[in-house]
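First the structure, in the form of structure tokens, and then the observations on it.
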Amino acid sequence: MDEKLLQEKKYTKWIWILSITVPVAVAILFGVNLKKLGFDIQPLSFLPPIYATINAITALLLVVGLWAIKNKKIQVHKRIMQLAIACSVLFLLLYIMYHMTSDSTKYGGEGWMQYVYYFILITHILLSIGVIPFVLVTYVRAITGQYERHRKIARITFPIWLYVAVTGVIVYIMISPYY
């Protein structure tokens with residue numbers, strides 16, 4: 001077996017573990033409210049605009065990363081994509097912290113806007129779960145030097161990840177009047 005494929009295979013177990021564990025952990029922690037469990041903790045109600053901004057930054061980084069690689073700026077692309085991954089992880093941590101200290105906010109819109117909101121929210125949630133293995137596989141193929149395979153999966157990963165980042169901002173904008 002090719003050396004690069006062997007390297008990728010070493011990461012496969014971790015990709016599966018993270019792809020399953022992260023969404024399950026988020027779902028579990030989403031339902032944990034520390035205040036209701038008796039902890040004397042202040043709600044972190046200031047976090048939603050921060051993590052929405054991080055989503056916007058992630059979207060911008062993805063577009064800049066695409067520009068960099070299209071212009072053969074490989075090191076810039078590498079650093080930008082690592083930063084995009086770091087932003088996504090930071091978003092996730094802040095999102096969990098918010099939901100562990102604050103009650104969930106219900107969308108208050110009515111009529112057709114309610115359908116638009118829930119369509120965006122549901123597709124955002126489902127694709128945010130589905131993009132995890134794509135991002136990880138794409139990254140692993142890059143760091144193991146499988147650039148052609150990296151390029152092929154990145155063509156799938158990029159639009160999904162960009163959609164998740166952009167719709168995260170849209171969901172925040174739509175629900176922000178009801179906080």
Checklist entry - Which order, highest average first, do 123-135, 18-30 follow once you tally other Cβ atoms within 10 Å for each residue and take the mean per peptide? => result 123-135, 18-30
Item to check | Calculated on alpha-carbon atoms, Rg and Dmax of the chain in Å | outcome: 18.0, 57
Checklist outcome for this item: Checked region 98-179 with the C-alpha gyration tensor, a ≥ b ≥ c its square-rooted eigenvalues, rounded below a/c of 1.5, otherwise prolate if a/b is larger than b/c and oblate if not; verdict prolate
Checklist outcome for this item: Projected onto the charge dipole of the chain (unit charges on the beta-carbon of Lys, Arg, Asp and Glu, signs +1, +1, -1, -1), the Cα from GLN42, MET100, ILE17 with the largest positive-side position is that of ILE17
Checklist outcome for this item: So the angle from the long Cα axis of helix 74-101 to the longest Cα principal axis of the chain, reported in degrees to the nearest 10, equals 30 degrees
Checklist entry - Helix 3-30 versus the longest principal axis of the chain: what is the Cα-based angle in degrees, 0 to 90, to the nearest 10? => result 0 degrees
Checklist outcome for this item: Looks like region 88-141, by Cα gyration tensor root eigenvalues a ≥ b ≥ c and the a/c under 1.5 rounded cutoff (else prolate when a/b is bigger than b/c, oblate otherwise), is oblate
Checklist entry - How do 59-65, 111-117 rank on mean C-beta neighbours within 10 Å, highest first? => result 59-65, 111-117
Item to check | Eligible lysines near LYS9 by straight Cα distance, threshold 19 Å, same-chain separation 8 or greater | outcome: LYS152
Checklist outcome for this item: Rounded to the nearest 500, the 222 nm mean residue ellipticity computed for the chain from DSSP H runs (n ≥ 4, each -39500 (n - 2.57)) alone is -28500 deg cm²/dmol
Next on the checklist: With a cut-off of 8 Å between alpha carbons and a minimum separation of six or more residues, what is the relative contact order of region 3-178 in percent?
Outcome noted: 33 percent
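How much length would be gained if the chain were fully extended between LEU5 and TYR107, taking 0.36 nm per residue of separation minus their Cα-Cα distance, in nm to one decimal?
Values: separation 102, 0.36 × 102 = 36.72 nm, distance 4.63 nm.
Gain on stretching LEU5 to TYR107: 32.1 nm.
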Checklist entry - How would you rank ARG151, ARG141, going from fewest to most other Cβ atoms within 10 Å of each one's own Cβ? => result ARG151, ARG141
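Laboratory data are not the source of any read-out in this text; all were calculated from the coordinates shown. Fair warning: this is a prediction, and the values are worked out from it, not measured in the lab. Note that each Cβ is placed from the backbone with ideal geometry, even for glycine, and that neighbours are counted across all protein chains shown.
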